[in-house]
Amino acid sequence: MLTLTAQIPRPYDEYFALYTLGSTGKAEHYFPSDVADILPNVRISWFLSVYNHMGTVQLVKVVLKLLNSTMQGPDQLAMLPSQRDAFYEKTRLLLSNETWVLPLSWSVVDANKSETRMTIFSILLNGQNLSENVEVTASHGLNFRIVVELWVYDGTSGMFEFGWLSNGTKRVVWNQLWFNMTRVSLLPY
């Protein structure tokens, strides 16, 4: 009976995993001195990872978006991405059971403050100065966030889509890391 039971094929659980780790490659130390209230030009290191458990080779794209607390993020229930345009995208072909680790080294390089708000204009990411789709303002410099979305190439439509089909059901995955910029000693008025 045990031999017969062991030979019954089980359904293959198709999924992607997306996760962001801190500077030590663990779920900790996301910000210098573990303080999420950052200063301009201070380098922050993360490791973004995607794991492919779909059973086949997959073409994936990670998409980074900068938002504040009032901007609409991805909608998990409706399975919709944030409507904000990406400031960074990276594409990779992933083998079955492969994990892609993408080191991210970033800092805010251009920001401006007023009495009641902080605006970020550009980010240095992995040596690239990025300003397109970066400009975001937050009240008193509180509650900025970097949203990471996983997009998967759909061979039928010939396009990348937010989400994928897993055993006939649509799935999506995304995460976000929040930070503040209230300490403005290095910024001019």
Problem set entry | Distance cut-off 21 Å, percentage of C-alpha pairs in segment 100-189 lying past it | 47 percent
Seminar exercise, completed: In this structure, the FRET efficiency calculated for Y153 and Y15 from their beta-carbon separation, with R0 = 22 Å, to the nearest 0.05, is 0.85
Problem set entry | Full-extension gain in nm, L165 to N143, via 0.36 nm per residue minus C-alpha separation | 4.6 nm
Exercise. When the chain is treated as a GNM, springs tying every alpha-carbon pair under 10 Å, which of V63, V108, V35 comes out with the largest mean-square fluctuation?
Worked result: V35
Exercise. Relative contact order for the chain: what is it in percent, counting Cα pairs under 8 Å that are at least 6 residues apart?
Worked result: 25 percent
For this session: Please count, across the chain, the pairs of lysine residues with Cα atoms under 23 Å apart that sit 8 or more places apart or on different chains.
Result: 9
For this session: Mind sorting W46, W100 by how few other Cβ atoms lie within 10 Å of their own Cβ, fewest first?
Result: W100, W46
Exercise. Which one of S131, S96, S157 has the biggest mean-square fluctuation once the chain is modelled by GNM with Cα springs under 10 Å?
Worked result: S157
Exercise. Among E161, E149, E115, which one shows the biggest mean-square fluctuation in a GNM of the chain, springs joining Cα atoms closer than 10 Å?
Worked result: E115
For this session: Please work out the FRET efficiency for the pair N97 and D34, using the Cβ-Cβ distance as r and a Förster radius of 35 Å; give the result to the nearest 0.05.
Result: 0.60
Exercise. Using the Kirkwood radius built from alpha carbon pairs, what does the Stokes-Einstein equation give as D for segment 15-179 at 25 °C and 0.890 mPa s, in µm² per second?
Worked result: 147 µm²/s
For this session: Grab the DSSP H runs of the chain that are 4 residues or longer, score each as -39,500 (n - 2.57), total them, divide by all residues and round the 222 nm result to the nearest 500 deg cm²/dmol.
Result: -500 deg cm²/dmol
For this session: Mind checking which of V109, V60, T20 is farthest towards the positive end of the chain's charge dipole, using Cβ charges of +1 (Lys, Arg) and -1 (Asp, Glu) about the Cα centre?
Result: T20
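FYI, it's all coordinate maths here, none of it is from the lab. None of these values were measured; they are calculated from a predicted model. A quick note on method: Cβ atoms are made from the backbone with ideal geometry, for glycine too, and the neighbour counts reach across all protein chains shown.
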